[in-house]
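Okay, structure first, notes after.
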Amino acid sequence: MALPEILKNRLQLPLVASPMFIVSGTELVIEQCKAGVVGSFPSLNARGDGEFEQWLQRIQAALAEHDASHPEQPAAPYAVNLIVHRTNHRLEEDLAICVKYKVPIVITSLGAREDVNQAIHSYGGIVLHDIINNEFAQKAVSKGADGIIAVAAGAGGHAGTLSPIALVQEIRTWFDGPLLLSGCMSTGAGILSALAMGADLAYMGSAFIATDEANAVSDYKTMITQSGAKDITYTSAFSGVHGNYLIPSIINAGLDPNNLPEGDPAQLAKMSDTNTEVKAWKTIWGCGQGIGPVTEVVPAKQRVANLIAEFAAAKQALNAKL
């Protein structure tokens, strides 16, 4: 279960910060990478004409400057999330830009395609594919994905329903490659638990919403710090695919969280459109169940530093118990 070469000796913590729709931007990614964890963003977050390419230029320049100033501790690599779904009309264009700039890590979602994997492999990049069950994991690997992101119950965004223990156990019966685990983690102890279960890296998003650099309105960040697992609901109403959302944001939008309709998968098209319908994502806020310990908004650098300290303390406590 060795890490890919691109990640060896580049991480201060075994963590990939997950790409969050709207929330993840260049400032957050740069600070995450400089702090020693993989920062990532969906290509669709760069909405203007030519903006995606500009974002890559900005990130690469900032990380190169950091590495020149800190040769003893270079930044972690960054990742771009591509939505591999027929409703994403920008896929081919964004893939070509990823190849042009040799994006080191590409995270694919909502579909697995051999041609996408081959394009990333052509320059030495790696592909991590997110899945919600063992069948999807097998399909992704058969099509050439280098690693798997197991999105378990309680994760933010389009989460699955399986226990993280069950999901990781099943995948590890046949796959010894890079495995990441997503679901309910917001502490260093949670990251350690992911490794104990058999994952190589943790995959965490919601805790980074409550950071200074996150592209989220202040009310969203505050709601994260004031909410817990009881404040999350799992519904397909807003994108057509089941995901976890903050109940208070649903109530604030004038909707009844206990009486939401089933969504149509065709709604996924809204994620790649630039029309006003996408504003629903700005008022109905996604979030995972693990946010209880997130009680304040801090710089991303501090969030990572806190996680590193918690991870070390959790290892020490576990060793004492053993």
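Rule-based calculations on the coordinates, nothing more; no lab input. Note that the coordinates shown come from a computational prediction; the quantities given were computed from them, not determined experimentally. Neighbour counts are summed over all protein chains in view; Cβ atoms, including those assigned to glycine, are modelled from backbone coordinates with ideal geometry.
For the stretch 185-199, 3J(HN,Hα) computed residue by residue from phi via the Karplus equation (6.51, -1.76, 1.60; θ = phi - 60°) reads 9, 9, 10, x, 5, x, 5, 4, 5, 5, 5, 5, 6, x, 7 Hz, glycine and proline entered as x.
Computed 3J(HN,Hα) for the stretch 257-264, one whole-Hz value per residue from the Karplus formula 6.51 cos²θ - 1.76 cosθ + 1.60 where θ = phi - 60°, is x, 8, 9, 9, x, 6, x, 9, glycine and proline marked x. Here semi-axes √(5λ) of the Cα gyration tensor in Å was computed from the coordinates, and among (1) 26, 24, 21; (2) 36, 26, 16; (3) 35, 19, 19 the match is (1). When both bridge partners sit in the chain, DSSP labels roughly 15% of those beta bridges antiparallel.
For the chain, what's the relative contact order in percent, using C-alpha pairs closer than 8 Å and at least 6 residues apart? Show your work: numbers first, answer last.
Details: 660 pairs, mean separation 57.9, N = 322.
Worked out over the chain, it gives 18 percent.
Applying 1/(1 + (r/R0)^6) with r as the Cβ-Cβ distance of ASN319 and ASN252 and R0 = 41 angstrom yields a FRET efficiency of 0.35.
In a shell of Cβ-Cβ distance under 15 Å around HIS70, excluding HIS70 itself, what net charge do Lys and Arg (+1) and Asp and Glu (-1) give? Provide the component values of the computation, followed by the final result.
Values: positive: ARG10, LYS34, LYS301; negative: GLU31, GLU65, ASP67, GLU72.
So the environment of HIS70 carries a net charge of -1.
Remark on ALA79: its backbone amide H falls under 5 Å from those of GLY39, SER40, PHE41, a criterion applied only to residues 5 or more positions apart or on other chains, H modelled at 1.01 Å from N. Relative to the 2.2 N^0.38 Å rule of thumb, the stretch 165-264 has a C-alpha radius of gyration ratio of 1.28.
Ordering of 27-36, 301-310 by packing is 27-36, 301-310, highest average first (other Cβ atoms within 10 Å, averaged per residue). In order along the stretch 7-23, the Karplus-derived 3J(HN,Hα) couplings, from 6.51 cos²θ - 1.76 cosθ + 1.60 at θ = phi - 60°, round to 9, 5, 6, 10, 10, 8, 7, x, 8, 10, 7, 6, x, 10, 4, 6, 5 Hz, and Gly and Pro are given as x. Across the stretch 18-65, Cα pairs under 8 Å and at least six residues apart give a relative contact order of 39 percent. Placing pseudo-labels 7 Å out from each Cα toward the beta carbon at THR161 and THR173 gives an inter-label distance of 2.0 nm. Rounded to 0.05, the FRET efficiency of the ALA196 and LYS230 pair, given R0 = 22 Å and the Cβ-Cβ distance, is 0.25.
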